[in-house]
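The values are calculated or read from the model by the stated rules, or taken from the named source; none is laboratory data. As the structure is a prediction and not an experimental result, all values here were calculated from the model. Here the Cβ positions follow ideal geometry from the backbone for every residue, glycine too, while neighbour counts run over all protein chains shown. Just so you know, the surface numbers come from the protein's heavy atoms only, side chains and all, with ligands and any DNA or RNA stripped out. Shrake-Rupley method; radii C 1.70, N 1.55, O 1.52, S 1.80 Å.
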Amino acid sequence: MEKKAGISRRKFLAVSSGVAAGSVAAGVVAGGLAGYFIGQSQAPAAVTRTVTAPAGTVTTTVTAPPKRLKVGYVYVGPVGDYGWTFAHDQGRKWADARYRNVDSFYIESVPEAQALGAIESLVNQGADLVITTSFGYMDATAEAAARHPGKYFVHISGYRSGAAGNAPQNMSSAFAEFYQLYYLNGLAAGAVSQTGVVGYVAAFPIPEVVRHINAFVLGANYSYKKRTGRNIRAFVNWIFAWFDPGKAREAAVALIEQSNADVLAFTEDTPTTLQVAEEYTTRRNRRTWSFSHYNDMSGYGKNSHLTGQIVNWGPIYLDFYRMVGTGSWQSVDIWTRIGDYMPYRWRRPAEKSTAGEVDGTLQLPPVHPSVPSEWQLEIKRRYEEMKELLFEPFSVEGNLGEPIRDQRGQVRIKGTERADWKMLWEMDWFVEYVESELPR
Amino acid sequence: MIGIGFVESVLAGAVAAGTVFLLASLGETYAERAGVLNLGMEGMMIMGAAVSYIFTNALGHGAALLTVLLVGLLMGLLHAFFTVSLKLNQVVVGLAITILGLGLSGLMASSEIRGRIILALNPEATRAVLASQEAPKLPLIPIAGLKDIPVIGPMFFNHNFLVYLSLLLSFVMWFLLFRTRFGLNLRSCGENPSMADTLGVNVYLMRYVSMAVCGMLGCLAGAYLFIGYQPFWVEGMTQGRGFISLALVILATWNPLRAVLGAYLFGGVEALQFRLQVLGIAAQLPYFLLMLPYAVTIVTLTMLSLESVRKRVGVPAALGVPYSRE
């Protein structure tokens, strides 16, 4: 059974470790596990001290705490509300609670142009480790790393690190990747769609968003075609903004009214699409579904929340705490997927799947009961297989045994191929089921 | 694919998206007709959005809208105090009010402060309400009989009451401005305040009144954007819509009825661009369409700097000039 596509699990892991992301992901598992235990078992060292008191000499054993780790965070938005920054702050609290011997502090709502000043002030406050959480902070982080060789820096969502060779060795980068979750979301979408049309509200045409769209559409086609024998049809609306509820609204409405889509996924930083789906479901008599993105948004669409993609940054942060705290720093370029940082990465039977729970850095929110039970089980089975990278969305298997073609009909993935890190990272084409063009 | 359904959907979207611009530009029209340039519109709008968000969650729609009007009134009077009484530069004061509004709204609506405001007003508010970044939307009030007329029905008669109110206001405000003594007095303050003064018009009072109206409508526009259109709070969610309304006033040549057309035109661009995208027409067009409202704004402002254009479109002659009695 492990001989899927003629390649064994072990062999695949060995092959994939040739790919940068694969090797990092594998390293991350080991590192993460170590991080869990080292972080938790950091016992205070006992020091014996002799004190000379007037009455004579008394020897006492004083417990001297090991140096307390200081970690500073730079956030792009306010921490109070849900959203990208909220997720990072939850991750910080998660890591602090497990590491314990740490003081963490943050500066919120830092404009990207002021990142360097914010990083400097955290260093001045004594931070040993500074974590910056917006793509736009990347160059400032590298600059600060060059200025403070004795301190450590982690940048989220960029591509500069000592490991990648384009930043000092005291800088690492990290990101939690969603395309597998989007594929699972697609499976759920195709399992409930009545119209056979799915829509996507997307912020900017960048490779990250393009691969999420493709993964979602591949998943939706998989389940829809298996159900009905017909291909899924997908439409994409670009809003060119991360935060504009008004634009996201019009984009979602157009997908529902114009394209007849009844499941809407999105990559932008508000739950507007889910709110619109809820509005059409409850007030305009049109059953429409949507998802959570980055945080649990189910409260914004009580009747229309299908599943989604949620991130838990905590284990990544804890791993860096551990590296700095134990003096075992190495520059890494982390890109986590399902399975990474999970205490037990090994696959379980679908019935006992951990899908739906917080496990590792990614969470598939509970799938709505409207999804038929055989598809619920299929989603769990795929989730479990993804833990061990036994199943990859961008493969012939992920497309019902057919090669993956782009919109022009050109075959992109065939035979036993899988998308590698480079293909995913540079994706600039849509799968054939997407009918919208990609703006260039 | 382009049938009557498409047209109906675009036009209904145009009215829904355009009402934000309409409410704001009606207010701005009165301010500018009286000679006060209000660049604080963006700040007033976002304050309206923030207040409607917080107060709807605390006390419901009615109390929220009243508070929005009150806040708008205060912001309008604040602007008038600086520009009319203290005779400060209107551009500087307006921009200051925009910056104030953007900052204050973000502060008010931050989870900590908004939670305290809601709890103070309504001690029974649940945790879920305190944490929520949305608020209940204004109910749709379809007008029986009229809403089933093709095209016109979905376009005008299947909205919430603020849309109907804005349409009604544009007629009423046009009538007041051009058919009554009050309107003549108000316009004379923008054309030739010293002449108006010698004829017994209280220029200061007129300008205060028009700024009060402008502030209230500006905040109401923000409230519509939030509880009437898309109820989700993010900092800076107005995204320049206040400034777009300023350009709209000029495009409508300071006429409330023409503002209706202009507002729906701008709303139509917002609705149309996404419907064209999914139709696959001009896939590379989004960049162009997204830029359009801003481009129109820049072009109208540039054209207005030409003396001949100013004369032809009838810019209030004393617009932007503080009046002081000699």
Applying the selection to segment A:392-406, what residues are assigned to a loop (DSSP other than H, G, I, E, B) and surrounded by fewer than 22 Cβ atoms within 10 Å (Cβ to Cβ)? A:Val396, A:Leu400, A:Gly401, A:Glu402, A:Pro403
Can you go through A:Tyr152, A:Tyr222, A:Tyr182, A:Tyr159 and tell me which one is in contact with a Gly (Cβ under 8 Å, 6 or more places away or on another chain) and open to solvent by 10 Å² or more (accessible area, probe 1.4 Å)? A:Tyr222
Among (1) within 14 Å of chain A (Cβ to nearest Cβ); (2) open to solvent by less than 10 Å² (accessible area, probe 1.4 Å); (3) among the small types (Gly, Ala, Ser), the one test that B:Ser170 misses: (1)
So, in segment A:120-138, how many residues would count as being more than 22 Å from the chain's Cα centre (by Cα) and in contact (Cβ under 8 Å) with a residue 12 or more places away in the chain? 8
Filter pass, A:Lys380 being open to solvent by 60 Å² or more (accessible area, probe 1.4 Å), at pLDDT below 95 and either under 28 Å from A:Glu432 (Cα atoms) or within 18 Å of the chain's Cα centre (by Cα) (or both): no
Taking B:Arg241, is it facing chain A (nearest Cβ under 7 Å), open to solvent by less than 20 Å² (accessible area, probe 1.4 Å) and touching a helix residue (DSSP H, G or I) at 6+ places or on another chain (Cβ under 6 Å)? no
Go through segment B:184-208 and give me each residue that's closer than 14 Å to B:Ala31 by Cβ, out of contact with any Phe, Trp or Tyr (no Cβ under 8 Å at 6 or more places or on another chain) and open to solvent by less than 40 Å² (accessible area, probe 1.4 Å). B:Gly190, B:Met206
Which of the numbered conditions does B:Tyr229 fail, given that it passes all the others? Conditions: (1) under 17 Å from the mean Cα position of the chain (by Cα); (2) farther than 19 Å from B:Met44 by Cβ; (3) modelled with pLDDT of 90 or more; (4) within 13 Å of another protein chain (Cβ to nearest Cβ). (2)
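Is at least one residue of segment A:207-217 assigned to a helix (DSSP H, G or I) and open to solvent by 10 Å² or more (accessible area, probe 1.4 Å)?
Checked against the condition, which is being assigned to a helix (DSSP H, G or I) and open to solvent by 10 Å² or more (accessible area, probe 1.4 Å), segment A:207-217 yields at least one hit.
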Only unsatisfied item for B:Leu217, checking (1) open to solvent by less than 10 Å² (accessible area, probe 1.4 Å); (2) part of a helix (DSSP H, G or I), is (1)
Could you list, in sequence order, all residues of segment A:131-170 that are assigned to a helix (DSSP H, G or I) and not aliphatic (A, V, I, L, M)? A:Phe135, A:Gly136, A:Tyr137, A:Asp139, A:Thr141, A:Glu143, A:Arg147
As an exercise: evaluate B:Asn89 against (1) in contact with a helix residue (DSSP H, G or I) (Cβ under 7 Å, 6 or more places away or on another chain); (2) away from chain A (no Cβ under 14 Å) and give the number of the one condition it does not meet. (1)
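Would you pick out the residues in segment A:234-264 that are closer than 22 Å to B:Gly106 by Cα and touching a helix residue (DSSP H, G or I) at 6+ places or on another chain (Cβ under 6 Å)?
A:Ala241, A:Pro245, A:Ala248, A:Arg249
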In this structure, is A:Glu250 assigned to a helix (DSSP H, G or I), open to solvent by less than 10 Å² (accessible area, probe 1.4 Å) and either at pLDDT below 95 or under 22 Å from B:Gly5 (Cα atoms) (or both)? yes
Just wondering, is there one or more residues in segment A:259-266 that are within 10 Å of another protein chain (Cβ to nearest Cβ), over 22 Å from B:Tyr224 (Cβ atoms) and surrounded by 21 or more Cβ atoms within 10 Å (Cβ to Cβ)? yes
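Is it true that B:Pro136 is touching a Pro at 6+ places or on another chain (Cβ under 9 Å) and exposed (fewer than 14 other Cβ atoms within 10 Å of the Cβ)?
So B:Pro136 passes the test.
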Does segment B:99-114 contain any residue that is open to solvent by less than 10 Å² (accessible area, probe 1.4 Å), within 14 Å of another protein chain (Cβ to nearest Cβ) and outside any helix (DSSP H, G or I)? yes
Checking A:Tyr294 against (1) surrounded by fewer than 23 Cβ atoms within 10 Å (Cβ to Cβ); (2) outside the structural domain of A:Ala188 (by TED's automatic domain parsing), only one condition comes out false. Which one? (2)
If you go through segment B:30-51 one residue at a time, do you hit one that is part of a helix (DSSP H, G or I), over 13 Å from the mean Cα position of the chain (by Cα) and under 17 Å from B:Lys137 (Cα atoms)? yes
Let me confirm something: among B:Gly240, B:Gly268, B:Gly222, B:Gly280, which residue is without any contact (Cβ under 8 Å) to a residue 24 or more places away in the chain and among the small types (Gly, Ala, Ser)? B:Gly280
I'd like the full set of residues that are of a type in the set (Phe, Trp, Tyr) and within 7 Å of another protein chain (Cβ to nearest Cβ), limited to segment A:228-256. A:Phe235, A:Trp238, A:Phe240, A:Phe243
Only one residue in A:Ser193, A:Ser223, A:Ser172, A:Ser259 is at negative phi and under 18 Å from the mean Cα position of the chain (by Cα), so which one is that? A:Ser172
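Find the residue count for segment B:182-214, including only residues that are small (Gly, Ala, Ser), over 16 Å from B:Met44 (Cα atoms) and not in a loop (DSSP other than H, G, I, E, B).
Looking only at that region, the number is 5.
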Say whether the condition of being open to solvent by 30 Å² or more (accessible area, probe 1.4 Å) and touching a residue at least 40 places away in the same chain (Cβ under 8 Å) is met by at least one residue in segment A:313-323. no
For segment A:181-203, state whether one or more residues are over 30 Å from A:Arg322 (Cβ atoms), more than 14 Å from chain B (Cβ to nearest Cβ) and out of contact with any helix residue (DSSP H, G or I) (no Cβ under 9 Å at 6 or more places or on another chain). yes
Condition (residue is of a type in the set (A, V, I, L, M), over 18 Å from B:Leu220 (Cα atoms), touching a residue at least 40 places away in the same chain (Cβ under 8 Å) and surrounded by fewer than 22 Cβ atoms within 10 Å (Cβ to Cβ)) applied to segment B:66-77: is it met by at least one residue? no
Search result, residues across segment B:157-167 that are out of contact with any strand residue (DSSP E or B) (no Cβ under 8 Å at 6 or more places or on another chain) and open to solvent by 50 Å² or more (accessible area, probe 1.4 Å): B:Leu165
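Looking at this structure, is B:Val20 open to solvent by 10 Å² or more (accessible area, probe 1.4 Å) and within 16 Å of the chain's Cα centre (by Cα)?
For B:Val20, the condition - open to solvent by 10 Å² or more (accessible area, probe 1.4 Å) and within 16 Å of the chain's Cα centre (by Cα) - is not met.
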Criterion first (under 16 Å from A:Gly186 (Cβ atoms) and within 14 Å of chain B (Cβ to nearest Cβ)) does A:Phe394 satisfy it? no
